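Input: a single structure, listed below in structure tokens.
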Amino acid sequence: MLDLIKFELYKIFSKKSVRIVLLLTILFGIFNVVAESVYVKYQGVDHIDDVYSIMKEYDGKAITEESAIKAENTINDLKEKKSRGEKLTKKEIIYMNYLYDTMRSPYPTYIINNKYYTIDEMKDEINKLKNENKTDTYEYKNLNFIYEKVKNVQESKFYFSHGWLSTVDFKAIATLITTLIAVGLAAIFSDEYQSNSAQIMLSCKYGKNKIVLSKMITGLIFTATIFIIINVVYMIGALLYDFRGWSTPLELFKYYGNTPFDMRVIDFYITGLGISFIGAILYSLVTMLMSLLVKNNMIALLLSLGLYYIPAFFGNFIPMDSVGRVFREINLAEAIKIEGMFVNPSTYNILGTPVLYSTLLISLVVVFIPIVIYLIRYFGKKQTI
């Protein structure tokens, strides 16, 4: 079995297409992570300590509507100054590139039951439904469920956590990982048919058992390998900034002001890695299943890429507060890029009980993994020439 796995891994990594895409993916990831710091250094900021020494004056300070507007105006003024060809000071360069991190809403709003609420408005609506004896309705249960999760949200403050923006960019990471999985695994079964070696493989004693199992294990090892490689590349983002900001509350981290989760950035990162990896495992298994069923390299590749890119593309046009959000949220793409699970307190009505979108999607992924494994083993035994 071990020799079969080694052989299958060699076949995958020896393909030029896999090597080229892997190299391009790594280079793109590195460029995406270091581009900003290189650009800022080119403008005259020599070291990250220079950035932190300037921005630490904002650390722990409350963000008000007035201060957010002031920061935005400062950035616009500096951009205009630069466009006129005027030289910016080091402090102005840092302001222009990092001050936008302070632009968070001091009054977060949440979409609940297709309506927008602030925390105070939530509380008022809950009391109103209580007075109307509607505590047994889903509207009340859902509103109260989310209120209990966000009622203690911290006051909007600035914490320097800029380096984590690229490291936890699971959307970009997922795109690279799924592309590599598709290129590497779409031909894992179908290649035997296209190279006319399937009849030899299937006539062997273990052609429908050990070989199928070894290919499946190989695919999972390949998935784990590229998952580690890409995430290590993106960890450079936090490393460049000496991992500063790891203890920032997630609700005070850029883009996550409406999160229902009480956790730090580092907790979000570790949790996100685990969830994204489980999603990547399911994606790789589905890719191998399609390779086994269609027996054509190109069709299997297109189908596996479509599994990720089609939902990811069309999901951008479906409003969060519409009925169609199920098509936006419940798919393989969201299971791997995971950001949507943490950005908003989205819930689903499961037998009258509100269940967080993240809980529902993770549960579905966990359930489908053994199902797809079984299907690969089943159809692997049913292979014919």
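The values are calculated or read from the model by the stated rules, or taken from the named source; none is laboratory data. Remember, predicted model here, so these are calculated numbers, not experimental data. Note that each Cβ is placed from the backbone with ideal geometry, even for glycine, and that neighbours are counted across all protein chains shown. Quick note on the areas: whole protein, heavy atoms, side chains included, nothing else; ligands and nucleic acids left out. Shrake-Rupley method; radii C 1.70, N 1.55, O 1.52, S 1.80 Å.
Here is a yes/no grid of residues against (1) over 30 Å from V212 (Cα atoms); (2) touching a Cys at 6+ places or on another chain (Cβ under 8 Å); (3) surrounded by 16 or more Cβ atoms within 10 Å (Cβ to Cβ); (4) modelled with pLDDT of 85 or more:
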position: M1; (1), (2), (3), (4): no, no, no, no
position: F13; (1), (2), (3), (4): no, no, no, yes
position: L23; (1), (2), (3), (4): no, no, no, yes
position: T74; (1), (2), (3), (4): yes, no, yes, yes
position: K87; (1), (2), (3), (4): yes, no, no, yes
position: K91; (1), (2), (3), (4): yes, no, no, yes
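For the residues I270, I310, I330, I278, the requirement of being farther than 13 Å from A182 by Cα, open to solvent by 10 Å² or more (accessible area, probe 1.4 Å), in contact with a Leu (Cβ under 7 Å, 6 or more places away or on another chain) and not charged (D, E, K, R) singles out I330. Of the numbered criteria (1) touching a residue at least 12 places away in the same chain (Cβ under 8 Å); (2) open to solvent by 50 Å² or more (accessible area, probe 1.4 Å); (3) under 27 Å from the mean Cα position of the chain (by Cα), the one Y98 fails is (2).
For region 157-186, name all the residues that are part of a loop (DSSP other than H, G, I, E, B) and over 28 Å from H47 (Cβ atoms). Within region 157-186, A186 is the sole residue that qualifies. When A335 is tested against (1) under 30 Å from S17 (Cα atoms); (2) open to solvent by 40 Å² or more (accessible area, probe 1.4 Å); (3) modelled with pLDDT of 90 or more, only condition (2) is not met.
Scanning region 118-156 for residues that are open to solvent by less than 40 Å² (accessible area, probe 1.4 Å) and not in a helix (DSSP H, G or I), we see that the one that is farthest from G352 (Cα to Cα) is S156. Assessment of region 19-40 against the conditions (touching a helix residue (DSSP H, G or I) at 6+ places or on another chain (Cβ under 8 Å), more than 13 Å from I236 (Cβ to Cβ) and among the small types (G, A, S)) yields no matching residue.
With respect to Y95, is the statement that it is part of a loop (DSSP other than H, G, I, E, B), farther than 25 Å from A312 by Cα and out of contact with any Lys or Arg (no Cβ under 9 Å at 6 or more places or on another chain) true? So Y95 fails the test.
Tell me, yes or no, whether region 43-54 has at least one residue that is open to solvent by 100 Å² or more (accessible area, probe 1.4 Å) and part of a helix (DSSP H, G or I). No; the residues of region 43-54 include none that is open to solvent by 100 Å² or more (accessible area, probe 1.4 Å) and part of a helix (DSSP H, G or I).
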